[in-house]
Amino acid sequence: MVEASKDAASRHHLACAGAVANAGAAYSSKIIKAGALLADTKTLLAYWDTVASAQENLDRLHRENVLGKASRSRVEDILAIFRQRYLAEESVTRALARLVRRDFPAAALDRILYFHAARTDRLLYDIVTEVLLPRRARGVLDIGVAEVQRVLATWAKEGKTIGVWSEDTTLRVAQGVLSALRDFGVLQGTVNKRIAPTYLPVEAFAYVAFYLKQHQPSGAKLMERTDWKLFFLPPEGVEWFLVEAQQRRLLEYHAAGSVTRLTFPAKSLEEYANVLAESTH
């Protein structure tokens with residue numbers, strides 16, 4: 001029992017420490033092969049067996065080729081990205097599978113998938129928070145491949161990338177990042193990209209708030225988390241959504257001076273996924 005508890009604690013520590021974006025993490029070029037993968041991700045979650053282990057699920061999904069891909073290597077690429085984005089924390093996997101099975105609205109689910117994808121890929125995270133956010137603040141909404149490529153080239157010269165990136169690699173990564181962010185709804189446009197108007201369904205906001213509350217118990221500090229920058233939300237914007245979510249009875253939020261109280265009608269992320277799904281039907 002003691003060893004089991006230690007193992008569980010170790011897994012929890014690794015999930016919290018490794019699943020989220022790490023300030024010292026190097027940038028990967030995996031986005032070239034990945035993209036948003038929204039349709040494939042939802043298919044995998046729809047077939048996910050919450051009783052079996054992650055590896056058992058991945059082996060079965062690969063064997064049965066539920067994605068219907070002709071290329072075995074392509075399936076392996078997708079499963080590797082899926083593992084990175086959504087399997088580091090069992091509670092996240094189970095919650096997402098529950099949302100898919102309960103026909104959670106696509107607009108809200110896509111924002112949640114984007115949130116987890118960005119938190120597990122430092123490159124996506126930093127392009128949004130360090131490149132797009134400052135441009136948006138200046139009123140510059142257009143963003144092209146050349147601008148992103150220049151940023152990537154600088155980061156590569158600073159030794160922030162995994163391996164040495166050639167000019168061709170920075171170009172392909174820039175294209176991949178912009179395409180993924182377009183599919184996730186952060187950008188819009190096919191050839192010429194623009195930062196899309198902020199759109200965050202209150203159900204998606206509530207899910208993110210619950211998830212972050214598990215990692216940051218303080219309600220006041222939660223409002224200042226840098227993760228909200230993924231949605232271009234300042235603290236006052238977060239507070240507005242908290243009030244809106246409370247009106248929808250998705251949570252309880254009270255602020256009096258420096259004291260902030262934030263509670264949810266569920267104890268686990270999976271339970272809360274049920275609450276959110278029920279609220280949309």
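Laboratory data are not the source of any read-out in this text; all were calculated from the coordinates shown. In this text the structure is predicted, and so the values were computed from the model without any measurement. Note that we place each Cβ from the backbone using ideal geometry, even for glycine, and neighbour counts take in every protein chain shown.
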Task: Proportion of all alpha-carbon pairs of region 49-203 beyond 18 Å (%) - done: 66 percent
Open item on the list: Test of understanding: what is the full-extension gain from residue 90 to residue 162, defined as 0.36 nm times their sequence separation minus their Cα-Cα distance?
Closed with: 23.2 nm
- [ ] Report the normalised scattering of region 183-261 as log10 I(q)/I(0) at q = 0.19, 0.20, 0.21 Å⁻¹, calculated by the Debye formula with identical scatterers on the alpha carbons.
- [x] -0.81, -0.88, -0.95
Task: Span from the region 152-189 Cα centroid across to the region 245-273 one, whole angstrom - done: 37 Å
Task: Dipole magnitude of the chain, debye to nearest 20 (Cβ charges: Lys/Arg +1, Asp/Glu -1, about Cα centre) - done: 340 debye
Open item on the list: Strictly over 24 Å apart at the Cα level, which of 160/229; 193/213; 193/229; 30/221; 69/160; 30/213 would you flag in this model?
Closed with: 193/213; 30/221; 69/160; 30/213
Task: Computed FRET value (nearest 0.05) for residue 66 with residue 256, which takes r as the C-beta separation and R₀ as 45 Å - done: 0.35
Task: Residues 202, 51, 100, 173, sorted so that the one with the fewest Cβ neighbours within 10 Å comes first - done: 51, 202, 100, 173
Open item on the list: Please rank 221, 213, fewest neighbouring Cβ atoms within 10 Å first, as an exposure proxy.
Closed with: 221, 213
Task: region 142-281 pair-distance distribution - Cα-Cα, 10 Å bins, rounded % - done: 11, 31, 26, 21, 11, 0
TODO: Return the FRET efficiency for the residue pair residue 246, residue 281: r is the Cβ-Cβ distance, R0 is 22 Å, and the value is rounded to the nearest 0.05.
DONE: 0.65
Open item on the list: Could you list 126, 103 so that the one with the fewest beta carbons within 10 Å of its beta carbon is first and the one with the most is last?
Closed with: 103, 126
Open item on the list: Could you tell me the center-to-center distance, by alpha carbons, between region 67-114 and region 190-208 in angstrom?
Closed with: 18 Å
Task: Loop chymotrypsin sites (Phe, Trp or Tyr not before Pro), region 186-244, which have at most 14 other Cβ atoms in a 10 Å radius of their Cβ (DSSP) - done: 199
Open item on the list: Can you compute the radius of gyration and Dmax for region 187-229, using only the Cα atoms, both in Å?
Closed with: 13.9, 42
Open item on the list: P(r) for the chain, please, calculated from all Cα pair distances in 5 Å bins and given in %.
Closed with: 1, 5, 12, 15, 18, 17, 14, 10, 5, 2, 0, 0
Open item on the list: I need the shape label for region 217-281. Rule: rounded when a/c is under 1.5, else prolate if a/b > b/c, else oblate, with a, b, c from the alpha carbon gyration tensor.
Closed with: prolate
